[in-house]
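Reading through the structure tokens given below for one structure.
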Amino acid sequence: MDSEDDMHDANDSADDDFYSGGEAGLAASDDGDADYDFADHDSDDSPELLSLRQQQNYCILSEAGIKQRQEDDINRVSTVLSISKSEACALLRSYNWSVSKVHDEWFVDEERVRKVVGFPEKRIEMPNDRELACGICFENCPHASMSAAACGHPFCSVCWRGYISTAINDGPGCLMLRCPDPSCAAAVGQDMINSLANEEDKEKYGRYLRRSYIEDNRKTKWCPAPGCEYAVEFVVGSGSYDVNCNCSYGFCWNCTEEAHRPVDCATVSKWILKNSAESENMNWILANSKPCPKCKRPIEKNQGCMHITCTPPCKFEFCWLCLGSWSEHGERTGGFYACNRYEAARQEGAYDESERRREMAKNSLERYTHYYERWAANQSSRQKALGDLQSLQNDKLEKLSDIQSQPESQLKFIIEAWLQIVECRRVLKWTYAYGYYLPEQEHAKRQFFEYLQGEAESGLERLHQCAEKELQIYLEAESPSKDFNDFRTKLAGLTSVTRNYFENLVRALETGLNDVGPSTSQSTGNKNTTSKSLGGKSKSGKNRTSGAGSKSGSSSRGVDDSNIWTCDQCTYVNPRSAKACQACDHQHR
């Protein structure tokens, strides 16, 4: 995965956003801030989902939780610095809501902080006259209808309300609102907003303030799922960047794309850009069409003879092979399905460059299509598995409990199996993006990757078939089945074995397949370099080859069988030195 510094660099770009603070010299990092206590925050995640997390290195925040944390931070700063809550709120916003940073800067140079944020050292009161002139409308108004910020510049309530409403409707700039007097930089705090603005504006201001609390803070981000209102607080440098929100959406904290472990963010960015770019369209046009010799429009030939007629208004007739005018062709040049001129020119090397470019484009397109189709297929399979899991939780689990006369708490192994399937489909999907960018010349790494991917995919297919097909038998039974406990043991075992397969795959890819050295490109006895044939059996029973290998240009190499042994229980291939299976711990006989 990316390093912590890489993550910080990625997040630094967000500092240019409006919510990053505003005043020069105050927008500082809070990397060392330890202001938050995760222990008191209760997550709504289910135990099944929590069991799939390697470690709880993040905290999900609801709107109420965000508001409570924000108020706690404001109260803490207000108490320690002996200032109003409104001033504490403005201070925290200027320092990206870092309590420790506010304390440090305040006690180092209070005068400077007050000047930049807009807090006069002493509040200036308005003149105690019965009537005062408003600095905006220039009307004389009673003293009771006038208001002023800490600077003491008086304005009537009508003008204040209009000024505040306009600023709030203009966007989050209202959080840095200053005195209307052009020569004054005094801050207009939340207390004045609450006392002068209408209910709609106050609600909108509160939303801007909560958004600032999340978006300014480098430890927090909004969940990127459409319509989700949860935020996530993350402990930087604490392991995987994958986050599972309470809305069931998984995403990467670093790049906010969908969760893509074990593939790094740079690879994901390149892959998504490639999927959305026009480059593959151009490759397809280059590989499958030729330009009309007259108007240069690309023409695709999918069947028929070599006599091509361009579309109106061009209508030029030419030979598909040599691109010469058809009027110069006939029986003497090979008829409608051949071209002697083309063959003769090709032997002389006249078409080598164009044909080479077309062939390269075709190979590149086929390779990309190969990986993309399998990437998309696993995405579809994952979506279907999520639907099956939801159906199981909502209806089928209760039905199975009644048929088999077992409490639902004893059927959690089925939910765990489906959660594992969903997670494995996600990992497998992104391995195809990894395989696409794996350099062709690194044969040993590619071979090891194909082996690990093939073994993981085979294990997943066995688990998926058991959870889908074999479970259906017990759902359709009319009475408790005697062999249901055998099914429980089998499904739980397959879940554990498949988890081990994918943990090995994830671990290898996250380390860049570093276990494979450049000298191991042929074959060795170690399981970390290569092993048996990369093929496997899919649910359809057809021979399946690991998707990364068939278009990669490298062949599957065998290994000396005396250096390996295959587990009788889970079929995992182990090195000869292993006394027990490294996937399921079954003892070798």
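The values are calculated or read from the model by the stated rules, or taken from the named source; none is laboratory data. Just so we're clear, the structure is a prediction, and the values are computed from it rather than from any experiment. In this analysis, Cβ positions are derived from the backbone assuming ideal geometry, glycine residues included, and neighbour counts consider all displayed protein chains. Accessible surface is based on the protein model in full, side chains and every heavy atom, while ligands, DNA and RNA are left aside. Shrake-Rupley method; radii C 1.70, N 1.55, O 1.52, S 1.80 Å.
Summary table
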| quantity | calculated |
| --- | --- |
| Test: Tyr372 is closer than 30 Å to Trp271 by Cα, open to solvent by less than 40 Å² (accessible area, probe 1.4 Å) and not in a strand (DSSP E or B) | no |
| Candidate set from the range 457-474 (those that are farther than 18 Å from Trp375 by Cα and among the polar types (S, T, N, Q)); member that is surrounded by the most Cβ atoms within 10 Å (Cβ to Cβ) | Gln465 |
| Subset of the range 167-213 [in contact (Cβ under 8 Å) with a residue 60 or more places away in the chain, surrounded by 21 or more Cβ atoms within 10 Å (Cβ to Cβ) and in a helix (DSSP H, G or I)] | Leu175, Gln190, Ser212, Tyr213 |
| Residue in the range 426-447 that is open to solvent by less than 30 Å² (accessible area, probe 1.4 Å) and outside any helix (DSSP H, G or I) present | yes |
| Any hit, the range 136-149, residues being open to solvent by less than 30 Å² (accessible area, probe 1.4 Å) and within 25 Å of Ile66 (Cβ to Cβ) | no |
| Check on Tyr337, in the same structural domain as Tyr434 (by the TED database), modelled with pLDDT of 75 or more, touching a Gly at 6+ places or on another chain (Cβ under 7 Å) and of a type in the set (Ser, Thr, Tyr) | no |
| Whichever residue in the range 147-166 is among the aliphatic types (A, V, I, L, M) and assigned to a helix (DSSP H, G or I) and, among such residues, is farthest from the chain's Cα centre (by Cα) | Val158 |
| Filtered residue count, the range 402-425, keeping only those that are open to solvent by 20 Å² or more (accessible area, probe 1.4 Å), in a helix (DSSP H, G or I) and without any contact (Cβ under 8 Å) to a residue 24 or more places away in the chain | 4 |
| Checking Ala88 against (1) closer than 30 Å to Gln68 by Cβ; (2) surrounded by fewer than 17 Cβ atoms within 10 Å (Cβ to Cβ), the condition it does not meet | (2) |
| Cross-chain or 6+ apart pairs with Cβ under 9 Å, the range 153-164 first and closer than 13 Å to Leu177 by Cα, then of a type in the set (Phe, Trp, Tyr) and outside any strand (DSSP E or B) | Ile164/Tyr205 |
| Matching strands (runs of 3 or more DSSP E) fully within the range 232-298 where at least 1 residues are at pLDDT below 80 and more than 23 Å from Ala376 (Cα to Cα) | 289-291 |
| Residue within the range 479-492 that is open to solvent by 10 Å² or more (accessible area, probe 1.4 Å), more than 30 Å from Ala266 (Cα to Cα) and in contact with a Cys (Cβ under 7 Å, 6 or more places away or on another chain) present | yes |
| Residue check, Asn217 of a type in the set (S, T, N, Q) and either out of contact with any helix residue (DSSP H, G or I) (no Cβ under 8 Å at 6 or more places or on another chain) or free of Cβ contacts under 8 Å to residues at least 12 places away in the same chain (or both) | yes |
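For (1) charged (D, E, K, R); (2) in the same structural domain as Val77 (by the TED database); (3) out of contact with any strand residue (DSSP E or B) (no Cβ under 7 Å at 6 or more places or on another chain), each residue gets a yes or a no:
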{"residue": "Asp109", "(1), (2), (3)": "yes, yes, yes"}
{"residue": "Pro120", "(1), (2), (3)": "no, yes, yes"}
{"residue": "Glu125", "(1), (2), (3)": "yes, yes, yes"}
{"residue": "Ile136", "(1), (2), (3)": "no, yes, no"}
{"residue": "Ser145", "(1), (2), (3)": "no, yes, no"}
{"residue": "Gly152", "(1), (2), (3)": "no, yes, yes"}
